[in-house]
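Here is the structure we will look at.
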Amino acid sequence: MRVVEFGVLGSVAAWDETGEPIALKGPRHRAVLARLLIARRGVVPLPRLVEDLWEGDPPADAVGTVRTFVAGLRRALEPERPRRTPSRLLVTEGPGYALRAEPAHVDARRFEHAVAAAADLPPSQAVPRLTDALELWRGPAYADFAEERWARAERSRLAELRLTAVERRAESRLALGAAADAAADLDAHVAEHPWREDAWQLLALALYRCGRQADALSVLRRARQLLREHLGVEPGPRLSRTEQDILRHADHLDPRPSDPAAQVWAQASASYASMVPARARTRLESTAGLMRDLAVTGGGGLEAARRHRAAAVTAAEQLGDPELTARVIGVYDVPAVWTRSDDPAQADRLVGAAERTLLHLPPGAPEAARARLLATVAVESRGTLPEGTRALQAAHQAVQSARRLEDANLLVFALNGLFMQTFERAGLATRRAEIGAEITEVAARHGLFTYEVLGRLIRLQAHCATADFTAADRYAAAADALAERHELPLVAVFTTWYRALRTATTEPPQFGESAYRAAAKSLEGTGMPGLERGLPPLALLCLRLHHGLPVTADPHTDWGPYEPWVRPLLLLAEGRDRDAAGLLASVPSPPGDLLYEALWSLLARAAIQVDDRPLMRRAQRALEPARGELAGAASGLLTAGPVADHLDALAAALAPHAS
């Protein structure tokens, strides 16, 4: 059977298996072929063909004319087909016609496949793949039919995909250290498509890596001018951030080839230290930005980042420049998924600094600077019940400002703060899932990969709360894939613990216990004491409670911050009922965090055993909104079993005393 290749990336054309062009007769024949190719093997009804070809004003014999065009195309495409035998390529089906060309035989489909495949390839393989794909283009898609209404959507879609491919190839070339090649391609690209902000950003980065900092800044100024003049808009946050990063020689802008990386780092940091005075404001801002990147590197990076960040904030305040202090505080927009502070004292100091800076900012200070300070207040005030508090108010104000400014970087940071303040009562997993979904969408659209991970982890937690482990598995896998691609080792801590939770919930308790003991090792050296201290034994205690097993624990166990809500159950297990009752009489309510429902469940079980009816009623009121959830599973780490079971036990214990 004859193989026919079709081309639409330029003028509509067809070739036989030897590469010889196939004569397609007149423009109407080509129009019919183009319309069928746009349908992608689907059927185009004859009335639609008539309407499209004559744009609502067909001649009286239009139907017969279209059939004549189809017959002519069949003869051209399948000249050896015997008369009166059905066509295998341009077929009659139902009320119309379909072109059954294989996707591999249509240049547009091959192009789409190549671009999609390149997204999962390393740069060294992506560059040649994208280069081959772009060479398929002979001109604008469906060039013969630029004015036809029926071709507009497909032409636009393919044109957008081509622009994306050019930018992806440039990005891959940059990753390979071929900045000069990337700059040459991008210079022509932005000249033809000045509204492509990503292209301007990549061009500026390529020039910077070629040692042309002045040209890079000039390009960004030209982008700003063109966007204002032609579109009437200001540059987006990514373009603005690139300009700021170039001005401060941000470390992440430098290429990082595998072998000479240490040498480049040493030379660049030495040059920076020698050129920038020690007390310069630029150095403080650069330090704060570096700490943001250091915080996600794993090992001791997070702990070191917190320590140096605090020092930078203190130094900024001492200089007496509130706008500088606002920038130093606000630049540390590190995603936070764990709702208990690693260092409560330091968090209090940061909140205090942010509040003081808000008071001292001049009236004309940028709204984004104020919003970042408000988001910082919300994020650092984690673990406190936010109902009517300043932290919740700050979170909402930051989100409103971010939406008004249409600043994606600010929005995900502010939403992170709002997430930290969604614990005023139990049962709010659905609300947090909505926040996680928005963070994921905004972050994915703007290339903010650390926040895309955060959004997926928040959604993982929310689906754990409702025992939807199928959905949670998807989010865990997506988070792991992003973490591997962008070297974010701390993500594995949360996904490892999630899988232990799933095992503990769906398998016999001995398997859950083994999974938790293995997961505990992932916490070592992470620099997250707010997560590490007390969590492994708490998970095992909740596992036993979930499966109705006796409460046991090593007397030397470090329960960390969970001690007040665990100790009564431990005393009861030792037969010290009076001591347990005494503790329960003064135990505080659990903090507003991801373990709120789990800790209330522990209190509920202890209260039942000592017949503390006031505490039982408090636990009942606290847990009722989460009746359909697993207690503690909103953490994505552990669970004390269905909240409904604890509520039923409370109801049964209270029933004899009901009036």
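With a Förster radius of 41 Å applied to the C-beta separation of Ala214 and Leu359, the computed FRET efficiency comes to 0.60.
If I stretch the segment between Arg157 and Ala60 completely, what's the gain in nm (0.36 nm per residue apart, minus their alpha carbon distance), one decimal? Please report the intermediate quantities before stating the final value.
Numbers: separation 97, 0.36 × 97 = 34.92 nm, distance 3.42 nm.
The Arg157-Ala60 span can extend by a further 31.5 nm.
Taking all protein chains into account, the per residue accessible area for the chain stands at 45 Å² (1.4 Å probe).
With a Förster radius of 60 Å applied to the beta-carbon distance between His193 and Gln510, the computed FRET efficiency rounds to 0.50.
In sequence order, segment 389-400 has phi-based couplings of 8, 4, 4, 5, 4, 4, 4, 5, 5, 5, 5, 4 Hz under the Karplus curve 6.51 cos²θ - 1.76 cosθ + 1.60, θ = phi - 60°, and Gly or Pro positions carry x.
Sort the following peptides by mean Cβ neighbour count (other Cβ atoms within 10 Å, averaged over residues), highest first: 87-98, 413-424.
Numbers: 87-98: 16.2, 413-424: 25.5.
Result, highest mean Cβ count within 10 Å first: 413-424, 87-98.
Give me the dipole magnitude in Debye, nearest 20, for segment 560-648 about the Cα centre, with unit charges on the beta carbon: positive for Lys and Arg, negative for Asp and Glu. Mind dumping the intermediate values first?
On the way: 9 positive and 12 negative charges, 43 e Å.
In total the dipole reaches around 200 debye.
Once the Cα atoms are used to define both axes, helix 643-654 deviates from the longest principal axis of the chain by about 30 degrees.
Determine the calculated [θ] at 222 nm for the chain from helices alone, applying -39500 (n - 2.57) to every DSSP H run no shorter than 4 residues and normalising by the residue count; nearest 500 deg cm²/dmol. Provide the component values of the computation, followed by the final result.
Working: 30 runs with 412 residues, N = 659.
Value at 222 nm, helices only: -20000 deg cm²/dmol.
Rounded to whole numbers, the Karplus 3J(HN,Hα) couplings from phi for segment 140-156 are x, 4, 6, 4, 5, 10, 4, 9, 7, 4, 6, 9, 4, 4, 5, 4, 5 Hz, using 6.51 cos²θ - 1.76 cosθ + 1.60 with θ = phi - 60°, and x at Gly and Pro.
So if we plug the beta-carbon distance of His547 and Asp343 into 1/(1 + (r/R0)^6) with R0 = 30 Å, what FRET efficiency do we get, rounded to 0.05? Write down the numbers at each step before the final one.
Values: r = 35 Å, r/R0 = 1.15.
For His547 and Asp343, the calculated efficiency is 0.30.
Once you have a ≥ b ≥ c as the square roots of the Cα gyration tensor eigenvalues for segment 465-513, tell me rounded if a/c is under 1.5, and otherwise prolate or oblate according to whether a/b is larger than b/c. It comes out oblate by the Cα gyration axes. Here segment 297-449 is treated with +1 on each Lys and Arg Cβ and -1 on each Asp and Glu Cβ, and its dipole about the Cα centre works out to around 140 debye. Of [x] 34; [y] 15; [z] 20, which is the value of percent of Cα pairs over 48 Å apart derived from the coordinates here? Derived directly from the coordinates: [x]. The alpha-carbon atoms of segment 469-579 define a convex hull whose volume equals 109 cubic angstrom per residue. Near Val4, once Lys and Arg are set to +1 and Asp and Glu to -1 for all other residues with Cβ below 9 Å from its Cβ, the sum equals -3.
Highest mean first, how do 46-58, 563-575 rank when packing is the count of other Cβ atoms within 10 Å averaged over residues? Present the calculation step by step, with values, prior to reporting the outcome.
Values: 46-58: 15.3, 563-575: 18.2.
The peptides rank, most packed first, as 563-575, 46-58.
Net charge near His360: determine it from the other residues with C-beta under 11 Å of the C-beta of His360, scoring Lys and Arg +1 and Asp and Glu -1. Result for the local shell: -3.
Summarise the accessible area of segment 1-129 (1.4 Å probe, protein heavy atoms) by the percent that is carbon and sulfur.
Within segment 1-129, the accessible surface is 52 percent carbon and sulfur.
Each of Thr85 and Arg138 was given a label point 7 Å from its Cα along the Cα-to-Cβ line. The distance between the two points is 2.9 nm.
Please compute the contact order of the chain in relative form: average sequence separation of alpha-carbon pairs under 8 Å and at least six residues apart, divided by the residue count, as a percent. For the chain, the relative contact order is 8 percent.
The values are calculated or read from the model by the stated rules, or taken from the named source; none is laboratory data. The structure displayed is predicted, hence computed values, not measured ones. So basically every Cβ, Gly included, is an ideal-geometry build from the backbone, and we count neighbours across all protein chains shown. Ligands, DNA and RNA are stripped out before the accessible areas are found, and what is left, the full protein with its side chains, is counted by its heavy atoms. Shrake-Rupley method; radii C 1.70, N 1.55, O 1.52, S 1.80 Å.
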